[in-house]
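**Q** Below you will find the structure I want to go over with you.
Taken together, the values in this text are just the output of simple stated rules run on the coordinates, not laboratory data. No experiment lies behind these values; they were computed from the predicted model shown. Neighbour counts run over all protein chains shown; Cβ positions are idealised from the backbone, glycine included.
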Ligand SMILES: [Fe+2]
């Protein structure tokens, strides 16, 4: 084996149904498990688009009672998750179906675990001393290709009072099933495709570089990077290309499986603070931090960086490929404004974030502050009143 660790443990994910048309298997799955009451957890947009009804109607036709919670927020917070818990208490489902991007899937998983354990507040899940009963079964139906949330037991929920994104994870929150139908991503707007795709790519890179990565996680992570390098641009340029959409959906899935087991790194530890403070789109925050964190980690990951370079043969290096993508789509730090006076607190929070623990190079608060300043140096620093 040529990997970071020859000795490892690995949690295998939920049952996965993958491929165009996979969605049609939803009624069978519920019937097979004798689920009589289902609750959808989705964003208002999914409800408006008719997608919720499209999935719910066949279930109703099979005699399954369906309730719909369609108030999931982008960057879900403690309050919105608590509202979803109250909805579950009122409707008492036997299975929860999360439908949407990472926000909907994370809300479904976190609310499901709170509901099962009679917690009112997601913050109670962070207290490791509390006993946790396994969550009510959740079926994850991603409509983007990026979060990896469909196959892992993590949820990212914002605590707006503390201006912090909480990474909440527990094996008790593992999904029952991931139902990944790439056809659902065919109509995603280009900008959403780009930022969710970069999120998947970032998961793949960070899990590949993780200080506790192992042979199996490396295979998954590298496979995910390879698929993203092959198909990210194509999904942004030609959204209707089903093969490219399948590749990015698979990249998200593979990276999600890997990161569940070996964690992420400094990019996520830092980008969660940016999104917590400024509500910045997660993939964009990752994209801005990615080159500078790669550089910070470079001395610890030389062999793995060479492996990334080999995936973009003919394009010189992975970094050059990345910058070509950024240039083509106009990604630069001017897209987000941050305030200098927030950097010390954000750096301190990032250093304590669970994702920082598996970054290959240890970073203290000063290192992190430097990366924030370097990544966002072109910004106008505003005085917030
Ligand atoms: Fe992410």
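**Q** Once you put a point 7 Å from the Cα of residue 92 and another 7 Å from the Cα of residue 133, both along the Cβ direction, what distance in nm separates them?
**A** It works out to 1.3 nm between the two label points.
**Q** Compute the distance from the alpha-carbon center of region 186-222 to that of region 29-85, in whole Å.
**A** 27 Å
**Q** Please list the three semi-axes, largest first and in whole Å, of the ellipsoid equivalent to region 110-181, using sqrt of 5 times the eigenvalues of its alpha carbon gyration tensor.
**A** The answer is 21, 16, 9 Å, longest axis first.
**Q** For the chain, rounded, prolate or oblate, judged on the Cα gyration tensor with a ≥ b ≥ c (square roots of eigenvalues), a/c < 1.5 rounded, else prolate if a/b > b/c?
**A** On the way: a/c = 1.58, a/b = 1.35, b/c = 1.17.
Prolate shape, in that a/c is at least 1.5 and a/b is the bigger ratio.
**Q** Moving on to the next point. Give the distance, in whole Å, between the Cα centre of region 88-127 and the Cα centre of region 235-286.
**A** So the separation of the two Cα centres works out to 22 Å.
**Q** If you don't mind, there's one more thing I want to ask. How would you classify region 22-180 from its alpha-carbon gyration tensor, with a ≥ b ≥ c the square roots of the eigenvalues: rounded for a/c under 1.5, else prolate if a/b is greater than b/c, otherwise oblate?
**A** Details: a/c = 1.71, a/b = 1.45, b/c = 1.18.
Prolate shape, in that a/c is at least 1.5 and a/b is the bigger ratio.
**Q** Okay, next question. For residue 370 paired with residue 332, estimate the spin-label separation in nm (one decimal), with each label point 7 Å from Cα along the Cα-to-Cβ line.
**A** Modelled inter-label distance: 2.5 nm.
**Q** When DSSP beta bridges are limited to those with both residues in the chain, what percentage is antiparallel, rounded to the nearest 5? Show your work: numbers first, answer last.
**A** Details: 6 of 28 bridges.
That works out to approximately 20 percent antiparallel.
**Q** Can you give the calculated 222 nm mean residue ellipticity of the chain, where each DSSP H run of n ≥ 4 adds -39,500 (n - 2.57) and the sum is split over every residue, rounded to the nearest 500 deg cm²/dmol?
**A** -15500 deg cm²/dmol
**Q** Right, next: By its C-alpha gyration tensor, with a ≥ b ≥ c as the square roots of the eigenvalues, how is region 167-308 shaped: rounded for a/c under 1.5, else prolate for a/b larger than b/c, else oblate?
**A** Values: a/c = 1.31, a/b = 1.27, b/c = 1.03.
The shape class here is rounded.
**Q** I need the peptides 230-236, 368-374 ranked by packing, meaning the mean over residues of other C-beta atoms within 10 angstrom, with the highest value on top.
**A** Taking the mean over residues of other Cβ atoms within 10 Å, the ranking is 230-236, 368-374.
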